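Only one structure is covered here, and it is reproduced in the block below.
The values are calculated or read from the model by the stated rules, or taken from the named source; none is laboratory data. Every value quoted in this text rests on a predicted model; they were computed, and no experiment measured them. Quick reminder, even Gly has a Cβ in these numbers, built from the backbone with ideal geometry, and neighbours come from all protein chains shown.
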Amino acid sequence: MRKTGKCFLAILMSAVFSFGYAMPAGAQVTLEDLLKRVEALEAENTSLKAEVGALKGAQASQAADVAEVKAKAVSVAAAPAASAAPSGNFLKTGLDISLFGFLKADAIVSSREMGTGNLTVTQTNAQRPTAAYGDDPQTRIIGSDTRLGLNIKAPDMDNGGKLTGKFEMDFGSSNTTQGNYTPRLRLAYAQLDFDKWGVNGGQNWDIFAPINPNTISPGILYRAGNLGTRHPQAHLINKWGDVLGGKVTSKVGIIDSEDTTQEDSGIPVAAAYVGYEKDILGVKSTFGVGGMYGKLNLGGSGTDNEDIYATTVGMTLKFTDWLAFKTEGFGGAGLNKFYGGPTQTTAASDPTTPLTLANSPGKAIPVRGGFAELTFNPIKKVETNFGIGLDDVSKALAYTAADKAAVWDYNKTYYTNLKYSLSKDLIVGIEYQRFNTKWMDGVKAGDNRIDSTVILKF
């Protein structure tokens, strides 16, 4: 084959020579020129072959990479879903868990003694003047309002259900003495939601009185106009959809007040709330009506069961991002465990013979009250709140002398506070609060309190 090629090249060159001699002298091509052109063609051919070889190698490498990627994709698809940790999960579980809370220190200056024990409980009113509590000023620094919590989200269910949960604790146990804080459970519940309904169970905020003020004080106007706290409960949530251009949501359930006389009745507290949300002339508005009813088994010489009950009405208005208003009012009886009225649920009703629960049932103390608050945020980092609250106990019962000294006629408060965000995580604030408390026997007391705070959120 090689010999044949050389013969063909020689014949070709002979023809070229013959043609060249026939051409004019100025256009004749020499043998040397032809050899140079042949060599150039051979070099160009070799270069093209090299380029083609390189392209084939690159194509083979790309094919190998594609095969590797496909193999990895098949491997990932075949792996169990639980092997990948969900976003935000800092614990090794199949749930999405996120940590939240804050560190909080409060320095409180009071114009009179505030009582002993934990301030979450005792700073709800002015202390009654006694030999133990006079008009001496008092200063305290506490850290019991520090919070720690977990938000929990489970994978969506096959039927469309969304399962979430919340756990939250602080150090405000009523058994706490100053400087010796013990943990207290605030919230611990699970909630299953569908498009139109849901169910919630565990320790949660009382559903019939859901609105709380924005106070710096851990007392949040308990026994001074703000009814409802946190209790073990179960309730059903219904989302009724659009009604007259707004959204209606209802909650119905049962609550354990953690009062032994209520538990001894064998009947849990029944509670309900209906809320209505609508934009009215550009104002985001929410209106709500709630109620609760239960029984107390007071024992004594009989099996008398005393009714405890409450009705609530509330409203929130958000005029702009920097101006909002909220209010809630209530009326009822026997509301001690829901922080309505003084720290006793019942009172004896015979004005001449001081009876006790050991020998005669008492009567649930009637009480009414409420609070109103205006929020004004002049700039992005500043929040200010202005509010008033009232807890008014009925004089309808013929209280004994002992009860007159323990049950107040009214407890009034007004307050203002300012919070400033040094950063998105660090807040400082100061609050002034005034209490005016009058007991059924006519004794009065007033207290001015200044609460400064530092809060580090996480």
Within the range 271-299, the count of residues that are β-branched (Val, Ile, Thr) and outside any strand (DSSP E or B) comes to 0
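Considering only residues of the range 295-319 that are at pLDDT 95 or above and over 22 Å from the mean Cα position of the chain (by Cα), which is surrounded by the fewest Cβ atoms within 10 Å (Cβ to Cβ)?
Applying the first criterion (at pLDDT 95 or above) to the range 295-319 yields 309-319.
From what's left, over 22 Å from the mean Cα position of the chain (by Cα): 309-313, 319.
Numbers: Tyr309: 18, Ala310: 26, Thr311: 16, Thr312: 25, Val313: 16, Phe319: 14.
Step by step, filter the range 295-319, then rank; the result is Phe319.
With the requirement that a residue be at pLDDT below 95 and either surrounded by fewer than 18 Cβ atoms within 10 Å (Cβ to Cβ) or closer than 30 Å to Asp195 by Cβ (or both), what does the range 162-172 give you? So that I can check it myself, show each step before the final result.
First pass over the range 162-172, keeping only residues at pLDDT below 95: 170-172.
None - no residue of the range 162-172 is at pLDDT below 95 and either surrounded by fewer than 18 Cβ atoms within 10 Å (Cβ to Cβ) or closer than 30 Å to Asp195 by Cβ (or both), so the list stays empty.
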Residue under question is Gly219, and the condition is that it be on the phi > 0 side of the Ramachandran plot and touching a helix residue (DSSP H, G or I) at 6+ places or on another chain (Cβ under 9 Å); does it hold?
no
Selection from the range 313-346 of residues in a strand (DSSP E or B), within 16 Å of Leu227 (Cβ to Cβ) and in contact with a Pro (Cβ under 9 Å, 6 or more places away or on another chain) yields Gly314, Lys326, Glu328, Gly331, Gly332, Ala333
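Is it fair to say Tyr181 is farther than 21 Å from Gly101 by Cβ, modelled with pLDDT under 90 and surrounded by 14 or more Cβ atoms within 10 Å (Cβ to Cβ)? It would help to see each step written out before you state the result.
Details: farther than 21 Å from Gly101 by Cβ: no; modelled with pLDDT under 90: yes; surrounded by 14 or more Cβ atoms within 10 Å (Cβ to Cβ): yes.
No.
Please find, within the range 419-449, the residue that is farthest from the chain's Cα centre (by Cα) out of those that are of a type outside the set (Phe, Trp, Tyr), loosely packed, with under 15 Cβ neighbours inside 10 Å and part of a strand (DSSP E or B).
Applying the filter and picking the extreme gives Lys444.
Conditions tested, residue by residue: (1) in the same structural domain as Lys419 (by TED's automatic domain parsing); (2) touching a residue at least 40 places away in the same chain (Cβ under 8 Å); (3) assigned to a strand (DSSP E or B).
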site: Asn200; (1), (2), (3): yes, yes, yes
site: Ile211; (1), (2), (3): yes, yes, no
site: Asn214; (1), (2), (3): yes, yes, no
site: Pro218; (1), (2), (3): yes, yes, no
site: Ala224; (1), (2), (3): yes, yes, no
site: Leu236; (1), (2), (3): yes, no, yes
site: Lys251; (1), (2), (3): yes, yes, yes
site: Ile254; (1), (2), (3): yes, no, yes
